[in-house]
1. Quick one: work out Rg over Rh on the C-alpha atoms of the range 67-109, Rh as Kirkwood radius.
2. Using Cβ contacts closer than 10 Å as the measure, can you line up 38, 262, 105, 218 from fewest to most?
3. Which one, 167, 193, 214, projects farthest toward the positive side of the charge dipole computed for the range 143-273 from Cβ point charges (K/R +1, D/E -1)?
4. What does the charge count around residue 212 come to, taking other residues whose C-beta lies under 11 Å from its C-beta (Lys +1, Arg +1, Asp -1, Glu -1)?
5. About its Cα centre, what dipole magnitude does the chain give when the only charges are +1 on Lys and Arg Cβ and -1 on Asp and Glu Cβ, stated in debye to the nearest 20?
Amino acid sequence: MSGLTPNDSRRAEVSAFVRATFGLRGTVRLHSFAFGFDLLRAPANVLLAPVFLVTQLMALTAKAMRCHKASVWISRRKILFETNVSKQVAIRVLAFIGDLETKGDLIASPTETVEHEIAGYTGVRSAVSEITTTLIVIIVGVFVFQTVTPGVLSITGQVAELRAHAHAIANFPLGQGVGRLYYGVFSTDLKSWEWVATGVVLSMLASVVTTFAGVIADPLQVMTGTHRRRLCRLLNRLEIASGRSNTIAREHIMARLADLTDIALNLWRALRG
């Protein structure tokens with residue numbers, strides 16, 4: 001590293017850490033820890049994510065009102081379950097920070113501050129997994145159903161209708177050939193329980209996709225430099241006296257906007273009949 005400035009040296013170390021941890025091989029090793037209870041924690045975190053966003057908004061509001069103690073107390077509330085994958089990421093990032101502090105490339109920060117920032121870092125990574133799942137659902141909707149499906153709610157109706165259509169044709173009294181002609185003109189009768197059952201199954205599949213979405217998202221973020229920039233921002237915040245971010249990560253907002261868009265789109269379709 002001779003000839004490099006301290007900042008250049010740290011950027012080089014960040015890049016090396018990111019490639020080793022979140023490159024294809026690294027992320028596959030990380031996600032080997034996802035088998036087990038993470039398959040339950042991940043969908044639970046998806047349900048709790050809106051609550052997490054609300055608490056962050058409350059913390060920011062309290063800070064703006066100069067209620068600093070209340071802001072800190074709210075921001076420290078643990079809403080999301082820590083998954084095994086997130087725990088492994090936290091362990092690796094903590095070790096990396098400790099290594100930088102030992103080398104003198106980073107000013108040592110209080111343990112509580114470091115843990116708070118790492119928790120925020122892993123939370124953003126989980127939000128990216130949700131966004132990745134949303135993009136996968138949209139791609140499936142566009143290519144399979146020729147319509148935009150920004151969430152499980154949107155694609156549920158499409159899949160339920162397709163399944164009901166196929167089932168009706170297969171059980172048509174005059175044979176499947178005549179059944180295709182008949183149901184090409186007349187619509188199938190979709191029962192409410194079929195829609196609900198399809199939604200439950202798709203939600204379970206989406207939770208599995210979210211659990212392992214990092215296998216796709218991590219290498220892409222390494223290629224685009226997103227992981228490197230995010231980790232650099234974390235290190236920069238640790239060198240600030242407060243050591244705490246004053247904003248909500250845009251990844252959390254984007255993930256919730258996808259949910260709101262999904263709900264709004266389905267309400268619009270329902271109102272249009």
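1. Result for the range 67-109 is an Rg/Rh of 1.14.
2. Details: 38 23, 262 20, 105 16, 218 27.
With the sparsest Cβ surroundings first, the list reads 105, 262, 38, 218.
3. 214
4. Around residue 212, the surrounding residues sum to -2.
5. 420
We did not get these values from a lab; they are worked out from the coordinates using the rules stated. No experiment lies behind these values; they were computed from the predicted model shown. Cβ coordinates were reconstructed from backbone atoms using ideal geometry, including for glycine residues, and neighbour counts include every protein chain displayed.
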